[in-house]
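Working notes for the structure below.
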Amino acid sequence: MPTRLVLVRHGETEWSRAGRHTSTTDLPLTAAGEAEARGLVPVLAALPIDRVVCSPRLRARRTAELAGFTDVTVTPDLAEWDYGDYEGVTTPQIRETVPGWTIWSHPVPGGETAEQVAERLDRVVSGSRAAGGVTLAFGHGHSLRALAARWLGLPVAEGRHLVLDTATWSELGDDRGTPAVLSWNVGRRA
């Protein structure tokens, strides 16, 4: 079987609903987020999963559990981009002092650089490729978007092109030896 990496973004939290940057703050899922996570069961149960890896954050671990996966390997490499001084702050609030700011194009005071994010996500990519089969990874919006860019051999900043909603899944693989996105943001709310 070809190597595939299936990405699942955690369900809704109060801060994801409000657009607040959430990395190290360990928030629970909302009731809606728990329902979203349970909604992943039929789709994910149908996949031939060989291993499950998960961010250490509660919201990702709870999404995995509600989606039917309790035997997971927790790895800090799947944690969300560390937003440093911007933790809990929205993009419009940041842009009041840093016009045009995005995580993809500007520094994050007190947080991670794109290079640091790439280094840890490259370990997820190489681990998945070395293991072969299907790896299911539960994580977060920006880090999973960056992970997809790294799978494709692109800079982290190219994740800006890949919108990712809560409690959706995406699949990365290869097309005749070339890294490819096989599906993206599946389960997106209308």
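The values are calculated or read from the model by the stated rules, or taken from the named source; none is laboratory data. Source: prediction; values computed, not measured. Note that each Cβ is placed from the backbone with ideal geometry, even for glycine, and that neighbours are counted across all protein chains shown.
With the structure loaded, tell me whether ARG59 is touching a residue at least 12 places away in the same chain (Cβ under 8 Å), closer than 17 Å to THR13 by Cα and not in a loop (DSSP other than H, G, I, E, B) or whether it fails that test. Criteria met by ARG59.
Among the residues of the range 130-167, those that are surrounded by fewer than 22 Cβ atoms within 10 Å (Cβ to Cβ) and among the charged types (D, E, K, R) comprise GLU158, ARG160, ASP165. Of everything listed in (1) in contact with a Gly (Cβ under 7 Å, 6 or more places away or on another chain); (2) farther than 22 Å from GLY33 by Cβ; (3) buried (at least 16 other Cβ atoms within 10 Å of the Cβ), the single unmet condition for THR63 is (2).
Among the residues of the range 8-30, not a single one is in contact (Cβ under 8 Å) with a residue 12 or more places away in the chain and over 30 Å from ASP85 (Cβ atoms).
Residue-wise test of (1) touching a Cys at 6+ places or on another chain (Cβ under 8 Å); (2) not charged (D, E, K, R).
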position	(1), (2)
ALA31	no, yes
ALA35	no, yes
VAL43	no, yes
ASP50	no, no
ALA60	yes, yes
ALA64	yes, yes
LEU78	yes, yes
THR90	no, yes
VAL98	no, yes
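Evaluated against (1) in contact (Cβ under 8 Å) with a residue 40 or more places away in the chain; (2) assigned to a loop (DSSP other than H, G, I, E, B), THR97 falls short on exactly one condition, (1). The criterion of being modelled with pLDDT under 95, part of a loop (DSSP other than H, G, I, E, B), closer than 28 Å to ALA37 by Cα and not aromatic (Phe, Trp, Tyr) holds for ALA190. Scan the range 105-115 and tell me whether some residue there is free of Cβ contacts under 8 Å to residues at least 12 places away in the same chain and β-branched (Val, Ile, Thr). Yes, because at least one residue in the range 105-115 is free of Cβ contacts under 8 Å to residues at least 12 places away in the same chain and β-branched (Val, Ile, Thr).
Assess whether THR13 counts as being hydroxyl-bearing (Ser, Thr, Tyr), touching a Phe, Trp or Tyr at 6+ places or on another chain (Cβ under 7 Å) and buried (at least 20 other Cβ atoms within 10 Å of the Cβ). Walk me through it before giving the result.
Numbers: hydroxyl-bearing (Ser, Thr, Tyr): yes; touching a Phe, Trp or Tyr at 6+ places or on another chain (Cβ under 7 Å): no; buried (at least 20 other Cβ atoms within 10 Å of the Cβ): yes.
It is false that THR13 is hydroxyl-bearing (Ser, Thr, Tyr), touching a Phe, Trp or Tyr at 6+ places or on another chain (Cβ under 7 Å) and buried (at least 20 other Cβ atoms within 10 Å of the Cβ).
SER126 meets each of the listed conditions (1) farther than 21 Å from PRO56 by Cα; (2) surrounded by fewer than 19 Cβ atoms within 10 Å (Cβ to Cβ) apart from (1).
Just to be sure, is THR70 assigned to a loop (DSSP other than H, G, I, E, B), modelled with pLDDT under 95 and not aliphatic (A, V, I, L, M)? Step through it out loud before you land on a result.
On the way: assigned to a loop (DSSP other than H, G, I, E, B): yes; modelled with pLDDT under 95: yes; not aliphatic (A, V, I, L, M): yes.
In short, yes.
Among the residues of the range 1-23, the ones that are more than 22 Å from ALA148 (Cβ to Cβ) and of a type outside the set (A, V, I, L, M, F, W, C) come to 3 in all.
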